[in-house]
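S.K.: Could you have a look at this structure, given as structure tokens, before my questions?
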Amino acid sequence: HLATSLPLPSERDHLRPRIDLIVFMIDIKSKYSLKNVEASLAHVDASFFLGKVCFLVTGVGRVNACSIETNAVCKLGEAYCSPVLFCELELEGIRVATAQRLLRMLQICAGHIRGVSALSFVSLMRNANDD
Amino acid sequence: QENVDPQKTAFLLRKAWTLYSVTPLYRFHRARLRDYARLLSAFIAAEKQKGLAVEVGVELDIKVAVSSLTDLRGSEQDQAAVLVQLSSRSRASSRNSEDKLVWSGWFCSVYGDDLSENVPEDFTCLPLFLTHGAESYTSMIGSWFQKTFDCCFRRLAISPLNLSWMVAMWAGCKLDRAASAVELVFSVPRLSQPLDISYAIHPEDAKALWDTVQKTPGEITQEEVDVFMDCLYAHFHRHFKIHLSAAKLVKVSTAVASAHCDGIVKILHSQYLPGVLMLLTELAISQIQ
């Protein structure tokens, strides 16, 4: 399901299936997309930040077109205890690999993989920060 | 060095310079500038023989001059700038006619210590290269330098992030005379017809805004630049309901200098020349590293 911002319209709440993973997409060429994500984060229930949220930064192939500091995005990931993935949608190989990663994450968040839960992402994040 | 002789640097102002980053030059000797001028002259003549002439059907003798601009540097560690000028004298005209400057390019380093600190002895660091004139001459001169000093030239593009630093810094500069407007040009992506939006702000308003944002004079942080830009975007959105933050900032213009994302700058005020060059040197160095 795709949405341009949160919160989702409440009229369809009763028809909506369970949400297992939220991927916030930030276009490195658009400051607006970062602002939009920051505003939408306020509408997400705290329980999602236990491994069911991730940030996807797109457009990283074009360093000369960036309007956002990558530091700012990494800080956002740290603040919300959620992983930040970088990709370039214009390159097919990277697009496919990123989709596969997200799908894998989704399988884990939905509980389809035995022995691994969404909480594993949070503990992985913590280990990386302690270095 | 803040007191650069304005007379000597007057030729730098009000010209559109195309920017390049240059890796350190191997075995470049300042004592041999006249030799280099002669070799470069011969190289250009040879290239023209091969048929790579700039203007077809016009007999032009190209004279090359290579000189040192001793005052154009930041710290003592910086190498003094090197200026290359190509002038032509038409063979048809008389001996007394003036040479016409057809191309100029200069290498410089203003507070480029980050690069020069870590470089072995035989290398000369002049990471910023600025050119004005025909592209064909630029590429000939670039090839000669690359072959002779084993260096590498790359066009220096300026990202929207860096352009917003520039406009915030330059809009905040104190100027005596009435200044021209602060202008930002945005390009809107993904439309069937390309659309450019030009946003002009009265220079006093821009400076007043920057003064409320900047906390420590002489210091600028990313947060301050973000706040400045967000104010401009919010103001525009209030009036036109357009989110400029979703568009690409491609050009900024102030009374101090203007810069385009393709790596073209124009410096308008000699007082701020070292400051502008310091910023450009930094960009060139980060492109090299």
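S.K.: List the aspartates and glutamates whose alpha-carbon lies under 19 Å from that of residue B:207, not counting same-chain residues fewer than 8 positions away?
M.R.: B:176, B:183, B:219, B:223, B:224, B:226, B:230
S.K.: So, one more: So which of B:100/B:266; B:174/B:266; B:174/B:241; A:31/B:251; A:35/B:248; A:35/B:251 end up more than 20 Å apart, counting from Cα to Cα?
M.R.: Values: B:100/B:266 22 Å; B:174/B:266 18 Å; B:174/B:241 32 Å; A:31/B:251 16 Å; A:35/B:248 15 Å; A:35/B:251 22 Å.
Pairs exceeding 20 Å: B:100/B:266; B:174/B:241; A:35/B:251.
S.K.: As a check on your grasp of the helix formula, calculate [θ] at 222 nm for chain A: sum -39500 (n - 2.57) over DSSP H runs of n ≥ 4, divide by the residue count, round to the nearest 500.
M.R.: Numbers: 4 runs with 51 residues, N = 131.
Only helices count here, giving -12500 deg cm²/dmol.
S.K.: Restricting to DSSP loop positions (anything but H, G, I, E, B) with no more than 16 other Cβ atoms inside 10 Å of their own Cβ, which chymotrypsin sites (Phe, Trp or Tyr not before Pro) remain in the range B:196-229? Before the final figure, lay out each step's value.
M.R.: On the way: sites: B:199, B:210, B:228; in loops: none.
When the chymotrypsin sites (Phe, Trp or Tyr not before Pro) of the range B:196-229 are filtered for loop state and at most 16 Cβ neighbours within 10 Å, nothing remains.
S.K.: Solvent-accessible area per residue for chain A at a 1.4 Å probe radius, Å²?
M.R.: Values: 8080 Å² over 131 residues.
Spelled out: the 1.4 Å probe surface of chain A, per residue, equals 62 Å².
S.K.: Accessible surface of residue B:196 in the full protein assembly, 1.4 angstrom probe, to the nearest 10 Å²?
M.R.: Surface open to solvent at residue B:196 totals about 100 Å².
S.K.: How about the range B:137-220: which GluC sites (Glu not before Pro) there lie in a loop by DSSP and see at most 14 other Cβ atoms within 10 Å? Before the final figure, lay out the partial values.
M.R.: Details: sites: B:183, B:204, B:219; in loops: B:219.
Those satisfying the criteria are B:219.
S.K.: Among B:242, B:264, B:44, which one moves the most in a GNM of chain B with springs linking Cα atoms closer than 10 Å?
M.R.: Of B:242, B:264, B:44, the most mobile in the Gaussian network model is B:242.
S.K.: Ok, one more. Amide H to amide H under 5 Å from residue B:15: which residues, 5+ apart in sequence or cross-chain, H placed 1.01 Å off N in plane?
M.R.: For residue B:15, the qualifying residues are B:267.
S.K.: Still on this structure: Cross-link partners among aspartates and glutamates for residue A:52, C-alpha distance below 15 Å, same-chain residues fewer than 8 apart left out?
M.R.: A:20, A:78
S.K.: Taking the 0 to 90 degree range and rounding to the nearest ten, how far is the long axis of helix B:33-49 tilted relative to the main principal axis of chain B, both from C-alpha atoms?
M.R.: Taking the Cα atoms of chain B, the angle to B:33-49 is about 80 degrees.
S.K.: Right, here's the next one. Would you grab the residues whose amide H sits under 5 Å from the one on residue A:53? Only those 5+ places off in sequence or on another chain, please, with H modelled 1.01 Å from N.
M.R.: HN-HN under 5 Å from residue A:53: A:22.
S.K.: For the pair residue B:196 and residue A:2, what calculated FRET efficiency results from E = 1/(1 + (r/R0)^6), where r is the Cβ-Cβ distance and R0 = 25 Å, to the nearest 0.05? Intermediate values should be presented prior to the final figure.
M.R.: Values: r = 29 Å, r/R0 = 1.18.
Calculated transfer efficiency: 0.25.
S.K.: Oh, and also: Provide the per-residue ³J(HN,Hα) series for the range B:118-123, in order, calculated from phi with Karplus coefficients 6.51, -1.76, 1.60 and θ = phi - 60°, each as a whole number of Hz, with x at glycine and proline positions.
M.R.: Computed from phi, the couplings for the range B:118-123 are 9, 10, x, 3, 6, 9 Hz.
S.K.: Tell me, what ³J(HN,Hα) does each residue in the range B:125-142 have, in order and in whole Hz, if you take phi through Karplus 6.51 cos²θ - 1.76 cosθ + 1.60 with θ = phi - 60° and put x for Gly and Pro?
M.R.: 9, 9, x, 9, 10, 10, 10, 9, x, 4, 4, 5, 5, 4, 6, 5, 5, x
S.K.: On to the next question. At 222 nm, what helix-only mean residue ellipticity would chain B give, in deg cm²/dmol to the nearest 500, using -39500 (n - 2.57) for each DSSP H run of four or more?
M.R.: After summing the helix terms and dividing by residue count, I get -10500 deg cm²/dmol.
S.K.: Need one value for A:27-39: mean number of C-beta atoms belonging to other chains within 10 Å of its residues' C-beta atoms.
M.R.: Numbers: counts 2, 3, 6, 7, 13, 7, 3, 1, 5, 3, 0, 0, 0.
Mean number of neighbouring Cβ atoms from other chains: 4.
S.K.: Among B:188, B:110, B:66, which one shows the biggest mean-square fluctuation in a GNM of chain B, springs joining Cα atoms closer than 10 Å?
M.R.: B:188
S.K.: Turning to a different aspect of this structure: Given a 1.4 Å probe and every protein chain left where it sits, what share in percent of the accessible area of the range A:18-128 is carbon and sulfur?
M.R.: Values: 3500 of 6040 Å².
Answer for the range A:18-128 is 58 percent, counting heavy atoms of protein chains only.
S.K.: Name the long-range amide H neighbours of residue B:75: under 5 Å, sequence gap of 5 or more, or other chain; modelled H, no Pro or chain starts.
M.R.: Counting only residues 5 or more places away or on other chains, the set is B:111, B:112.
S.K.: Computing the accessible area with a 1.4 Å probe over protein heavy atoms, can you report the carbon and sulfur percentage for chain B?
M.R.: Working: 7570 of 14970 Å².
Here carbon and sulfur together make up 51 percent of the probe-accessible area.
S.K.: Follow-up. For the range B:225-278 and the range B:100-178, compute the distance between their C-alpha centroids and round to whole Å.
M.R.: 20
S.K.: Just how much of residue A:19 is accessible, in Å², when a 1.4 Å probe is used and the result is rounded to the nearest 10?
M.R.: 70
S.K.: In a Gaussian network model over chain B where Cα atoms closer than 10 Å are linked, find which of B:200, B:37, B:46 has the largest mean-square fluctuation.
M.R.: Fluctuation is largest for B:46.
S.K.: Follow-up. Determine how large the accessible area of residue B:223 is when every protein chain is in place; take a 1.4 Å probe and give Å² rounded to the nearest 10.
M.R.: 110
S.K.: Then there is this: Using the Karplus curve 6.51 cos²θ - 1.76 cosθ + 1.60 with θ = phi - 60°, work out ³J(HN,Hα) for each residue of the range B:146-154 in order, rounded to whole Hz, and write x for Gly and Pro.
M.R.: 5, 5, 7, 10, 6, 10, 9, 9, 9
The values are calculated or read from the model by the stated rules, or taken from the named source; none is laboratory data. Note that this is a predicted model, so its numbers are computed, not measured. Quick reminder, even Gly has a Cβ in these numbers, built from the backbone with ideal geometry, and neighbours come from all protein chains shown. These accessible areas exclude ligands, DNA and RNA; they are computed on the full protein's heavy atoms, side chains included. Shrake-Rupley method; radii C 1.70, N 1.55, O 1.52, S 1.80 Å.
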